[in-house]
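Below is one structure, written out as structure tokens; comments come after it.
The values are calculated or read from the model by the stated rules, or taken from the named source; none is laboratory data. All figures in this text were calculated on a predicted structure; none of them were measured in a lab. Here the Cβ positions follow ideal geometry from the backbone for every residue, glycine too, while neighbour counts run over all protein chains shown. Surface areas here come from the heavy atoms of the whole protein model, side chains and all, with no ligands, DNA or RNA. Shrake-Rupley method; radii C 1.70, N 1.55, O 1.52, S 1.80 Å.
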Amino acid sequence: MTKKDIKEKINQLLDLASRTQILTLNSDTVERAYEAYIWSLCKQAVEEAGGHAVLTGIKSGAAPREIVLRGSPGSMASTMQDFCYINCQLEKKEFEIHVDVQYEGSSGASHEIDVSIYDHVSAEAVRSNGGLPRSSKLIMAIECKFYMSSVPSAALGRGFVGLVRDYPGTRLNAFVSNKASKNLNKYFTNKSNIEPFTDLEPGQTAAADRFVRIIEQALRKWSQ
């Protein structure tokens, strides 16, 4: 699976061609493309749950012509470019899906989350007032790892487990990768606070469907 293949999957999921929108990855790497792919699957999960999910530019608003995604961890409030997020509503809940945003954990330390789902009202306050979004309103945290040759090790899993301890209020924490070592899979077997998806190769329908289903179910439960 190449970067071009992943970007084609993103274009399909977001239906960019029919909307005459274009995707811009500030860091045009396979790793950032994989994050954008997982972000796009989250949008699909919201829609399959019966919700609304709208691509939104921080400066241009709904349906921006260019879908700009960060190339490195950054501020949710940044207007250096028209950074895109997904504005969502499910039942009476309003929330947003972001890529590569920094959050403040319960310890006060800041951390990057590859793909995150965050309360809309709190996000609006961050955009108005600046500062880091606080973990108390973080709904889901998703770590994304894509490897072309090497395999993610158990050390990456331990790092993510340590990270989510600083976000005690999340409804779901997911570790997503296109492959994994046997040790990493074993490590996750007794981690009740982590949902692992270690075979989510873009184009593998069964793995993508499972991810979407789990995200959808978690969102439905939270929104009730």
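Pairs to check: Lys93/Lys182; Lys145/Lys221; Lys137/Lys182; Lys3/Lys221; Lys92/Lys179. Give those whose C-alpha atoms are more than 32 Å from each other in this structure. It would help to have the intermediate numbers written out before the result.
Numbers: Lys93/Lys182 38 Å; Lys145/Lys221 27 Å; Lys137/Lys182 34 Å; Lys3/Lys221 34 Å; Lys92/Lys179 37 Å.
Correct reply: Lys93/Lys182; Lys137/Lys182; Lys3/Lys221; Lys92/Lys179.
Would you kindly find the accessible area of Val121, with a 1.4 Å probe and non-protein molecules such as ligands, DNA and RNA excluded, rounding to the nearest 10 Å²?
Spelled out: Val121, probe radius 1.4 Å, area about 100 Å².
For Ser27, list long-range residues whose amide hydrogen, built 1.01 Å from N in the peptide plane, is under 5 Å from its own amide hydrogen.
Correct list: Gly71.
With all protein chains present, how much of the accessible area of the chain (probe radius 1.4 Å) comes from carbon and sulfur, to the nearest whole percent?
C and S fraction of accessible area: 45 percent.
Using θ = phi - 60° and the Karplus form 6.51 cos²θ - 1.76 cosθ + 1.60, what ³J(HN,Hα) does each residue of the range 192-198 get, whole Hz, x for Gly and Pro?
With coefficients 6.51, -1.76 and 1.60, one gets 5, 8, 10, 9, x, 10, 9 Hz.
So which trypsin sites (Lys or Arg not before Pro) in the range 41-121 are both in a DSSP loop and have at most 15 other Cβ atoms within 10 Å of their Cβ?
On the way: sites: Lys43, Lys59, Arg65, Arg70, Lys92, Lys93; in loops: Lys59, Arg65, Arg70, Lys92.
Here the sparse-neighbourhood loop sites are Lys59, Arg65, Lys92.
Determine ³J(HN,Hα), in whole Hz, for all residues of the range 59-74 in sequence, where each value follows from phi through the Karplus function 6.51 cos²θ - 1.76 cosθ + 1.60 and θ = phi - 60°; x replaces Gly and Pro.
Coupling constants for the range 59-74: 9, 8, x, 5, 6, x, 5, 10, 8, 9, 10, 4, x, 7, x, x Hz.
Counting only protein chains, not ligands or nucleic acids, how are Ser149, Ser18 ordered by accessible area (probe 1.4 Å), most first? Provide the component values of the computation, followed by the final result.
Details: Ser149 105, Ser18 80 Å².
Greatest to least solvent exposure: Ser149, Ser18.
Starting from the exponent 0.38 and prefactor 2.2 Å, build the expected Rg for the chain from its residue count and divide its actual Cα Rg by it. Show your work: numbers first, answer last.
Details: Rg = 16.3 Å, N = 224, 2.2 N^0.38 = 17.2 Å.
Its radius of gyration relative to the 2.2 N^0.38 Å reference: 0.95.
Which residue, Ser136, Ser116, Ser40, tops the fluctuation ranking in a GNM of the chain built on C-alpha contacts under 10 Å?
Residue with maximal mean-square fluctuation among Ser136, Ser116, Ser40: Ser136.
Efficiency by 1/(1 + (r/R0)^6): what FRET value for Lys191 and Ser110, r their Cβ-Cβ distance, R0 = 30 Å, to the nearest 0.05?
Values: r = 24 Å, r/R0 = 0.79.
So, using R0 = 30 Å, E works out to roughly 0.80.
Restricting to bridges with both residues inside the chain, how much of the DSSP beta-bridge set is antiparallel, in percent to the nearest 5?
60
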